[in-house]
Amino acid sequence: MAKPNKILGIPRRNFYGIIVFALILSTVPALLRFNTYYVYLATDIILIASLVAAWNIIGGYAGQLDLAASAYMALGAVVTGNLLAFYGLTPWLGIPIGVLIALGVAVAVGYPTFRFGIKEVWYALLTAALVVILSRIYWLIYGSTETYLPTYEWSWFYLRFNRYEPFYYMLVVMLAIVLWINYRIRHSKLGYYLNAIREDELAAEALGIDVRRYKLYALMIYATLASIIGGIYVCITGVVGYRNFDPWLGITTAVMGIVGGLGSVEGAVMSGMILRTLEDYLRGTIGSQYPGSHLLVYGIILIVVGVLKPEGLASLIEYVKKRIPWLKS
Amino acid sequence: MPAILNLGISKTASIAIAIIVIVIIIGIAAYYATQQPAAPTTPTSPSPTTSPSPTPTKPKITEIKIGLIEPLTGTHAVFGQEAKQAAELIIDIINNELGGIKNLGGAKLKLVVADAGETPESAKLAAEKLIAEEHPPIILGAYISRLTAAVAEVTEREKVILIMDGLVDSLTEQGWKYVFRAAPKASAHGKSAVEFVMEMAKKKGLEIKTAVVMNEDSIFGHYVAQGAILKLKEYGVKILDHIEYPYDIADATPLVSKLKELNPDIVISVPYFHDAVLIAKTIKAMGFHPMFIAGAGACGYTDPESIKAAGEAVEWYTNTYSYNPARPTEWNKKIVEEFKKRYGKLPTEAAGIVFYSLMVVKEALEKAAEMYPDDPLNPDHLREAFLALDLNDNNSIAAQLYPTGRIKFAPNGDNLYAGTAIIQVINGEPHVVWPDPEPGIEPVFPRPDWKGGG
Amino acid sequence: MPKTVLRVVDVVKRFGGIVAVDHMSMEVYENEILGLIGPNGAGKTTLFNCITGVYRPDEGDVYFMDEKITGLPPHVIIQKGIARTWQKVRPFKKLTVLDAVTVGALLRIPDVDSAQEKAKEVLEFVGIEKEKWSRLGSEITLIEHKLVDLARALATEPKLLLLDEVAAGLRPHEMDRLAKVLLRIRDEKKITMIVVEHVMRFVMGLSDRIVVMHQGRKIAEGSPQQVASDPKVIEAYLGTKPL
Amino acid sequence: MISVEPMLLVQNIVNGVFMGLIYSLVALGLALIFGVMDIINFAHGDFVMIGAYLTFLLATTLLVDPTLTAFITMPLFFVIGVAVYKGIIERVLGAEPLIQIAVTVGLLMVLRNLALMIFKAEPRGVPFTVFGFPINVGPITIAASRLVAGIVSLVALFLVHMLLTRTKWGIAMRATADDREVAELMGINVKKVYAVTFGLGISLTALAAALIMTFSRADPYLGLLYGLLSWVIVAMGGLGGVIGVLASGLIIGVIEAIGISVVSAGARELFIYLTFFLILWFRPRGLFGRR
């Protein structure tokens, strides 16, 4: 399958890009001198970046404004977390089970939704409602009690550590995989089809694209990735409850994707990293004096980007790329 | 979609995987390489001037950092902000009026603050940041249970004492070693509310046969309600229903309609702020008049903001508090006065817990200096010091600030003599009515608009 | 007798109370260009949409190569071999010209690289210059849009091609360029075409045969000359009845 | 667990009807904005929230009943609406839905966090209203504040309906909603119609906020409650004009009441949003759909 100019089904350039990016990220904990706080912060940033990159598949490529990233992430998290807390099941099995359940929900929701041609604002609202529905269902079953995961000093089996480096490296690998899947899709029939669907659904269908089916594929891949990230997330925070289904996180994920520039995974990753860092910085500096001011700044950024530069960060990346000849293929 | 995600495992694929594996190995190797000399994993040293190592030369401790992790932003910022104000006040009092920690040669306390945000993740991040940058031996936080639990994971690992102001029962049931909680836990709030009502009924010769318990659906509300239910059962009161609802409901009419329909003698209500205003107004607007409505769990009904927002709708409501601002002890009066002077408002729950928790910290530091003069800030020594405390009104300021006037820790970290105060809204003002009423104040029981009983 | 490619039998399509297509029947023969004309609101585009599966006809059937395709979804119909272009161009604005055509080619060639080769071939065939291939859909002119739309449809390797007002908005010399491409498609690729058109000069010169629709019905059929002299057609166009 | 007292159910449904009227009023502004301008406004609920704070401020400083503040807040909100339209919305007219959503989510964040910065997270309420008494109709109790809110909502809905159907402005709005280009050809100043529509839509939220403040409170997260809910009503109403919005609001109010009665208060949102799913799936053009 692999063509001479491709490695693992993606262009050489992208492949080496991912490797170099992962290598650079791998050195970050050492640069931070393994300061627990900074490593945790870095872990968190990578986690969000992976989530936004996963969202890019449904939001950027397929053009569906999905606000349910936190639903799939939380499904992965609560399944993995509860299985570990109540049955002592290793997350290595818990995460796949979480993925299956998230996939089930994605298909159960996505199939009729795409079948009935729900798109644009209605799709966005539907997915936002999905997060609330799942949260209430979880509440009806488990109530408001919270489950705390057992602590282990250093257990690869239970995926619980008293440091964040293992999670950091797991998430770097995860990010690399999500990036690879993004590139893999972009350079495959699926990617071409999703892009066509995003641009013009009717025209796409007239070119022989089974729009519903390809949207569902995109949703399934995205739900899978988000739930894996959720499974890792719960092992980091150690708390499980109905509040894992956080509607706001779903919206911020989409917002980061949009700021990044739709369809550009580089933009999505960059925007996830920058906005998450900025949020934490602003929270630490002005957020404690004036509650909410960091999110206010966030909102302003969003309005400015939406009004002035709808192409997002991606256009900036394109600009840089045009200036640096060796980045061109 | 076989062709779509064809993995195409080939020579190049194995190379790619190999590179990733190597990256990870390099990372881990680098980690251990830098770990050996640095070893910052046990930040027991409170400041650069001290060292926990058992060296014979006794280091002079001049400053002890006390961490405070509270939700300063987001939904729960109200509590966090007040706790922070209270902590700043108490630290000033300890440093200036009480002359620091006397047994440590007057060492001063220094408050270091971090924002727990709204999610367990941000709380954990805050704890990591505070410990990595400041190395405080003792941290106070984080009010909201899931944030507290997230912080406790970090403090346990780093062996930092965590004084919890999160009240949920399960926090002290996790087998954590370095946590203490002076404040009464959630179920104690529910119990106190019931005890108060039953005692009053007995005094007035009224009989309570039926009750409805309702609570907002957070984990805190849940535990408070459980405490109340257990106590009601003990008294043989029939519980007609237990209603749970989300605190951000738009409309309380269905809840109140249900109350009217069930028509219990008393209602034990565990609200949050938002729903308290709504419920009180709706009860008034719907004309529901039970014998008594007792709040439990320190939020809503009787705090100044709720009275301001709900007006006369909350008249005669009570609520349980982890702190009694009217307790007639010397130091309590003084601190309430200082707080009012500095911030122009009455201290409520969040501030009160911080008052006595920080004073307990001071007592524990004095004790530790006495018991382990060579290394008082060692976490295990500190723990022993906390467990050795037995505070009452006569021997400590901390106990003077506490509703029951006694503080002694059980091995799980809970206060053995935990209890709450009850505040009632009388003529639009909050007054402490139980266990020791304010001078000249009588609890109003039953509600004057109660039509039953004759 | 030439082979029948498409057969429309008694198709009816209503929108609310309005009958857009009213018992319309027609046949299309292999390797011809059939012009479908009629005044505004005659139901031509609706008929197109009934054939290509955008709408499901309320009555009647559509047969393609003697196979009933009534009510199949658009993406299945194109797999059978009926491709179309749109009245208003529907470009993929954020895709390059090459990628847009590749999307079409992927219908028959699942491998991206080979599909891209095919797309290049088609682009060359319709006559779009190489340097335009990497332009985005939002950066090209109207005639180029029309040609890219055409190329996209051609890349799906259809047997029948439906062109909806392909000449609308073009200048005369651009129409000539387009007509040449269409004739080449018929002669070299052996693809049958139905051309819905308003521009008489264009459609009369191009078509082998013409069907005239008015108020959802077929009112005339025949060679361009026959149709042009048919009194019913003239009446319909001059509009003795209010439109 | 599931045992429903018939009387309680009736009582709850009556409540639901009155709540539904208020929901309709909130949703009406959104329906106007979406219907006429095709603008996807995610910040609608947050205008209600700002309106609630404004009502609180005015009522407590002027010492008047919260309902009276609407006479000040409505014109003020009209001006704010026009300003927001000129400053932000005009620039994303006709943009992709995604961009519109992004921009209005940004607006939502600004409004919400502005409120959080100024008022902190404590809930604020107006401690007095002349309508704080119950009205008993047989075994059914209706809170006076709810009755007033319901009646005012109904009157407002009726007036907007008249505005749309009987006045020159209303006809211009509806023409613009049908086809912007045709409206322009007919000599309608579309930009002006848009500005007025947006202003009107926003000023309706101020009225709703004033009514809500007779029985509820203002807090920075109030927008969450009403934002998504309004969209559910618009989805259901399907641009079917004022009647559609009114009917959908009532349906949502009643469904909510039944959900609370039959399952639990925590299941309220579950019922509303499941209805939303079913409506979108099976009646994508709404119950009273037009296009």
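The values are calculated or read from the model by the stated rules, or taken from the named source; none is laboratory data. Everything numeric in this text was worked out from a predicted model, so none of it was measured. Note that we place each Cβ from the backbone using ideal geometry, even for glycine, and neighbour counts take in every protein chain shown. Just the protein is used for accessible areas: all its heavy atoms, side chains included, with ligands, DNA and RNA removed. Shrake-Rupley method; radii C 1.70, N 1.55, O 1.52, S 1.80 Å.
Annotations
- In percent, rounded to a whole number, the relative contact order of chain B is 15, using alpha-carbon pairs under 8 Å and six or more apart.
- Reach of residue C:218 by Cα under 12 Å, taken over aspartates and glutamates that are not fewer than 8 positions away in the same chain: C:10, C:22, C:27
- Two-decimal Rg to Rh for the stretch A:76-218 - Kirkwood Rh, Cα set: 1.06
- Once divided by 2.2 N^0.38 Å, the Cα radius of gyration of the stretch C:90-148 becomes 1.02.
- Long pairs among C:118/C:159; C:93/D:192; B:124/B:345; C:80/C:189; B:284/B:451, criterion Cα-Cα beyond 19 Å: C:93/D:192; B:124/B:345
- Solvent exposure of the protein assembly as shown amounts to 36 Å² per residue of accessible area, where only protein heavy atoms count and the probe is 1.4 Å.
- Accessible area buried, both sides summed, chains D and B with 1.4 Å probe, Å²: 2900
- Sites excluded, chymotrypsin sites (Phe, Trp or Tyr not before Pro) in DSSP loops with at most 16 other C-beta within 10 Å, longest stretch of chain A: A:158-329
- Residue C:86 long-range amide H proximity, modeled H, under 5 Å: C:164
- Rg/Rh, computed from the Cα trace of chain A with Rh as the Kirkwood radius, has the value 0.96.
- Computed over protein heavy atoms with a 1.4 Å probe, the carbon and sulfur contribution to the accessible area of chain B reaches 55%.
- Size descriptor, Kirkwood hydrodynamic radius, that averages inverse alpha-carbon separations across chain D, Å: 19.4
- Looking at the stretch C:91-243, the DSSP beta bridges with both ends there are about 55 percent antiparallel.
- Within chain A, longest stretch clear of exposed trypsin sites (Lys or Arg not before Pro) (DSSP loop, no more than 13 other Cβ within 10 Å): A:34-327
- Among D:98, D:28, D:108, the largest mean-square fluctuation in a Gaussian network model of chain D, built with springs joining Cα atoms closer than 10 Å, belongs to D:98.
- Kyte-Doolittle mean at least -1.0, axial Cα span of 15 Å or more - DSSP H helices of chain B: B:11-38, B:77-92, B:120-134, B:145-158, B:186-203, B:219-234, B:273-286, B:349-371
- Net charge of the neighbourhood of residue B:131, taken over other residues with C-beta under 13 Å away and scored Lys/Arg +1, Asp/Glu -1, is 0.
- For the pair residue D:155 and residue D:91, a Förster radius of 30 Å applied to the C-beta separation gives a FRET efficiency near 0.30, rounded to the nearest 0.05.
- Surrounding net charge for residue C:159, when Lys and Arg each add one and Asp and Glu each subtract one, Cβ distance under 13 Å: +2
- Between residue A:300 and residue A:12, the modelled labels are 4.7 nm apart [label points 7 Å from Cα along Cα→Cβ].
- Cα-only Debye scattering, chain B: base-10 log of I(q)/I(0) at q = 0.07, 0.08, 0.13, 0.14 Å⁻¹: -0.41, -0.51, -1.09, -1.23
- Antiparallel bridges, percent of DSSP beta bridges restricted to the protein assembly as shown (to nearest 5): 45
- Label reach from residue D:243 (point 7 Å along Cα→C-beta): in the stretch D:158-192, amide nitrogens under 18 Å belong to D:158-167, D:171, D:174-175.
- Exercise: per-residue mean of other protein chain Cβ atoms within 10 Å, D:259-272: 6
- Computed with every protein chain present, the accessible area of residue C:171 is close to 140 Å² [probe 1.4 Å].
- Taking the stretch A:6-327 as the region of interest, the number of lysine pairs whose Cα atoms are within less than 29 Å, with members eight or more places apart or on different chains, is 13.
- Residue B:263 sits among other residues whose Cβ lies under 13 Å from its own Cβ, and their net charge, with Lys and Arg +1 and Asp and Glu -1, is +1.
- Once both labels are positioned 7 Å from their Cα atoms along Cα-to-Cβ, the gap between residue A:153 and residue D:182 label points is 7.8 nm.
- For a modelled paramagnetic label at residue A:31, 7 Å from Cα along Cα-to-Cβ, the residues of the stretch A:157-197 in reach, with backbone nitrogen under 16 Å, are A:169, A:172.
- The D-A contact accounts for approximately 3800 Å² of buried accessible area, totalled over both chains at a 1.4 Å probe radius.
- The convex hull defined by the C-alpha atoms of the protein assembly as shown has an orientation-averaged projected area of 53.6 nm².
- Relative to the compact-globule estimate of 2.2 N^0.38 Å, the Cα radius of gyration of the stretch B:339-435 comes out at 1.27.
- Of the peptides D:178-184, C:149-155, D:79-85, the ranking by mean beta-carbon count within 10 Å, highest at the top, reads C:149-155, D:79-85, D:178-184.
- Antiparallel bridge percentage (DSSP; both residues within chain B; nearest 5): 25
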